[in-house]
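Beneath this line is the structure, given in C-alpha cells, with notes to follow.
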C-alpha cells in the first residue's frame, strides 16, 4: 500500500464505493445466511469470507496464518497476532482482489460462497471485549460540558497533562443494529429533596472514535509511546449512550456508572492502520500557553503524524421521519482532529502504571466535538444542557432522545487523488424503558 | 445444611480447621503438582479434586452436572449453572466427606489423586473475570475519606440513596500470591506547578469483600432485589491496591483510573452462600434521620438477613519483619456489618438500568472500615492521610506501603456452637517500580 494507491478491484461495486474500496479492506465478523459467524473483509457491496478463503488455500505464509486466526467467531486471535500478520493478509488480499489479478477467474468461480452480498449477511461484534475504557480526549467536549457546570473554569487542571479516561462496561458493548433500551435509574431533579426513580429523561448519544487493541502487554509492564502503534488492531465508530440525569446524580465521587453501562454501540468493521495511513496528520498544535506533554507521552513520530483526519457525523432518524420517508438528519459533523491526545498517547498512558492490555480490549476516544455548535457530538452540548431544542425536518423538536429514535454515526476519510474510505455505519434504535 | 450442623469429617485436618471444616467447602481452581488447572474444594489441609471425582463417577444427578462444569480451568460454567446445582454438589460432597460416610473407604483408596495436600498445589484465579465493579458501600470508609477532603460535610448527598460504584479493570485481577508492582504515574504534590512523574509514593491497600456473580441477566433486563441471591456464586477477599497520589491528581471528573488498575488481588476460594448462611444478619439499622432505600432497593427478606457477620482483618509483613522472624502484624480488624448496602442491593442497583451481569463478574464491596481507628481498612485512614505513621513490631514506621511489604487479608465467621469458617488468605507482595 502506498500513498498514491489508486488500484481498482475486479469487484465492480468496490470502485467508487463510499466506504469499502480496495484501499480499505476492514475486517469484521459476519454470518452468511444459514451459517456460523466467521471473519470477513468488506469489499464494495460484498464480504470476502476469510474462512472459505483459508479453507481453499488462497493465502500463503504469514497471511495464511492471519486468515486462519480469523476463521472463528471473534477476531481476538487475529488481533493478538499483531501488525505484521495483518499487513501480510492485506497485501495478499489486495493482490487477489485488484484488477488484473491472476486469481480473478478462480475467485469468481467460487461466487457467493466466497463473496456473499453484504445485504444477505448478519454482522456481529468483531471481538470479545475484554475491558472497555472510555477516554475524554475531545477537548471541545470537555470545554463545553465543563462550561455547563463551571462557566469561568471549564477545564479541570489535570486535563492538559493527563489523558483522562475511566473504565467502562464491557458486557454491554454491542454491534451496530442492536436496539438499546432506555434505562431506569435514580435522578435528582432541581428542587427535589429526594431522588426520583424512573426512565431517564435526558438520554443522549456521544460521537466517538473506537480503538481495538491488538497485541497486549503483561501486568506490571508498560507500552512505550514509540511502540504504541504495534498494539493497535484498528478503528471503529462508537456511540457511548449516556443518561445525563442519572449521571448528574450518581457520578460523585467515583465517576459515571449506570449512566453509561446500559449500552455502548460500535460499528462492525475494524478499519486498519494501513487503510488510514494516507489520512494521518500532525497532532494539532497545542494553543499557546498549553504545557508540553510529559516525556512518556511525547514522541516525535507521534507528534508528526499521530493524529487522523477523519470526518465524523451523527444523524438521527425519528419514527415520524421514517413515516414521512425522510432521510436521517445530520446533527453534527466533526473530525478526529478535535482530539487533544493521540491514540498512541492513550495507549502509553493506559499502560504506564502496569495495567495489562489484551487483544480485543476496546477504547473510546470520548466525545469528539468541534468548537462550533454544528460540530457538537452530543445533545447535551447541541441543546446547551437541554435548554435550546433542535428542530428536525419533520417539524419535531428534540432536547434529548425520544423512544424509537435511531442514532446513526458515520465516518469517512477524503483526500484529493485518493479513493474515499468509510467506516460503515454505527446504528442503534432507542427502545422505551421497561 | 442446617444452622446446627456440627458434622465432622473423616478427613482429620478438617475438624477444627480454622478455615475449611466440612461446613465450608469453598470452591476454587488449582493445579495438583504436574497437572493442569481444574476445579477443587478446600477441605482441611487438602483439596478435593472435582475432575478426578467426576471422572470416577462419585456424583449423581444435578451434582454430577455441577462437578462436570467445574472440571476446566475456570469456574465460569459452574457459576452459570446457578444455586440449585451448587447446593446439590454441596450436599453430595458433605455426604461423601462426613464421618460415617459409606464412601470413605473408596475415597481413601484414591489417596492423593483425589485429595492432594493443598501445600503441593498451585491455586489460580477461580474464574475468568468478565467485568469487575468496585462499590463504595463501607460507610465509615466513605466518611473517613470524605472528611480528609470536606471536614464539615464528608458524605456526598447521593451516598444514602445510591449504592455508589464504578467500573474497575478486569485484566489485572489476580489471585493471592501474585506480586503486584508499584505503578509509575503522574502526581501533583502540594506546591507543585506541574505534575511529577515517577513511582507512586502513597501506595495503599483496601480491605474489601469480593462477590462472584453466578447466573447473569440479559442486556436491557434487570435483577429484582428479591431474586438477587440467585445470581451470586460466592464470596472472597479482595485487596484493591490504590495509588493515593495518582488518584488525587487524576480522578476528576471521571473517577479513579490508573490509581487502581495496576492490580487487584483476590483470595482463591469462593465461599458459598450456603456456607455463610449461619452467619447472616439483619441489615444494621440506619441511623435516625437516614432515608429509607428506594423501593427497588428494599426487600423484607434482605432487610431481615441480607447482611453478613464476617470478621475481616488486614495484616502486613515487611522484609525486616520477615528477617526478624516476626509474624504478620494486624493493621485492622473490621466486619462486613460495616456495609451500608447489602450485596443484594448492590446486584439490584447494578442491573436496574439494564446492565448485563455475567457469570464470573466480580464485585468489590469497597473498603470496609469500622468507625474506630483499629478498624480502618486502608492506610489512608489509619495514618490520617499519611500524617500519623504506624509503628510496627520491628520498630519500623509506615505511612504508606514500602517495596517488599506483603499485605495479607483474612476473614472468618464465628458463632457459638458452630464450627468456625474462614476464607483463606489474600496475599500480595509489593514489588519496586520498574
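Brief remarks on what is shown
- On inspection, residue A:162 fails the criterion of being closer than 19 Å to residue A:248 by Cβ and in a loop (DSSP other than H, G, I, E, B).
- When region B:176-187 is limited to residues that are assigned to a loop (DSSP other than H, G, I, E, B) and at the interface with chain A (Cβ under 10 Å from one of its Cβ atoms), the one that is nearest to the chain's Cα centre (by Cα) turns out to be B:178.
- Scoring residue B:171 on the criteria (1) surrounded by fewer than 24 Cβ atoms within 10 Å (Cβ to Cβ); (2) in contact with a helix residue (DSSP H, G or I) (Cβ under 6 Å, 6 or more places away or on another chain) leaves a single failure, condition (2).
- Residue-level analysis places residue A:170 outside the set of residues that are on the phi < 0 side of the Ramachandran plot and away from chain B (no Cβ under 12 Å).
- Elements of type strands (runs of 3 or more DSSP E) contained in region B:311-382, each with 3 or more residues being farther than 15 Å from residue B:141 by Cβ: B:311-317
- Test: residue in region A:394-405 that is touching a helix residue (DSSP H, G or I) at 6+ places or on another chain (Cβ under 9 Å) and within 14 Å of chain B (Cβ to nearest Cβ): yes
- Answer from B:268, B:291 - the residue that is crowded, with 19+ Cβ neighbours inside 10 Å, in a loop (DSSP other than H, G, I, E, B) and not assigned by TED's automatic domain parsing to the domain that holds residue B:29: B:268
- Residue within region A:402-411 that is touching a residue at least 40 places away in the same chain (Cβ under 8 Å), more than 27 Å from residue A:248 (Cα to Cα) and in contact with a strand residue (DSSP E or B) (Cβ under 6 Å, 6 or more places away or on another chain) present: yes
- Taken as a whole, region A:415-422 holds at least one residue that is under 23 Å from residue A:267 (Cβ atoms), in contact (Cβ under 8 Å) with a residue 12 or more places away in the chain and under 17 Å from the mean Cα position of the chain (by Cα).
- At least 1 residues being in contact (Cβ under 8 Å) with a residue 60 or more places away in the chain is the threshold, and among the helices (runs of 4 or more DSSP H) wholly inside region B:5-118 those reaching it are B:50-55, B:76-81, B:83-97, B:104-114.
- Just one residue in the set A:56, A:103, A:91, A:77 is under 14 Å from residue A:272 (Cβ atoms) and assigned by TED's automatic domain parsing to the domain that holds residue A:25; that residue is A:91.
- Within region A:19-33, the set of residues being over 19 Å from residue A:177 (Cβ atoms) and surrounded by fewer than 24 Cβ atoms within 10 Å (Cβ to Cβ) comprises just one member, A:23.
The rows are residues; the columns are (1) within 13 Å of chain B (Cβ to nearest Cβ); (2) closer than 27 Å to residue B:142 by Cβ; (3) free of Cβ contacts under 8 Å to residues at least 40 places away in the same chain; (4) assigned to a helix (DSSP H, G or I).
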{"site": "A:166", "(1), (2), (3), (4)": "yes, yes, no, no"}
{"site": "A:174", "(1), (2), (3), (4)": "yes, no, no, no"}
{"site": "A:189", "(1), (2), (3), (4)": "no, yes, no, no"}
{"site": "A:209", "(1), (2), (3), (4)": "no, no, no, no"}
{"site": "A:219", "(1), (2), (3), (4)": "yes, no, no, no"}
{"site": "A:227", "(1), (2), (3), (4)": "no, no, yes, yes"}
{"site": "A:235", "(1), (2), (3), (4)": "no, no, no, no"}
{"site": "A:245", "(1), (2), (3), (4)": "yes, yes, no, yes"}
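- Any hit, region B:309-324, residues being more than 14 Å from chain A (Cβ to nearest Cβ), crowded, with 24+ Cβ neighbours inside 10 Å, closer than 22 Å to residue B:432 by Cα and in contact with a strand residue (DSSP E or B) (Cβ under 6 Å, 6 or more places away or on another chain): yes
- The number of residues in region B:349-364 being farther than 20 Å from residue A:186 by Cβ and more than 8 Å from every other protein chain (Cβ to nearest Cβ) comes to 4.
- Odd one out for residue A:386 among (1) touching a strand residue (DSSP E or B) at 6+ places or on another chain (Cβ under 7 Å); (2) buried (at least 16 other Cβ atoms within 10 Å of the Cβ): (1)
- Answer from B:98, B:70 - the residue that is outside the structural domain of residue B:209 (by TED's automatic domain parsing) and surrounded by fewer than 21 Cβ atoms within 10 Å (Cβ to Cβ): B:98
- Of all residues making up region A:191-207, the number that are within 10 Å of chain B (Cβ to nearest Cβ) and over 18 Å from residue B:355 (Cα atoms): 4
The values are calculated or read from the model by the stated rules, or taken from the named source; none is laboratory data. Keep in mind that what you see is a predicted model, and the values were worked out from it rather than measured. Every residue, glycine among them, receives a Cβ derived from its backbone with ideal geometry; neighbour counts consider all protein chains shown.
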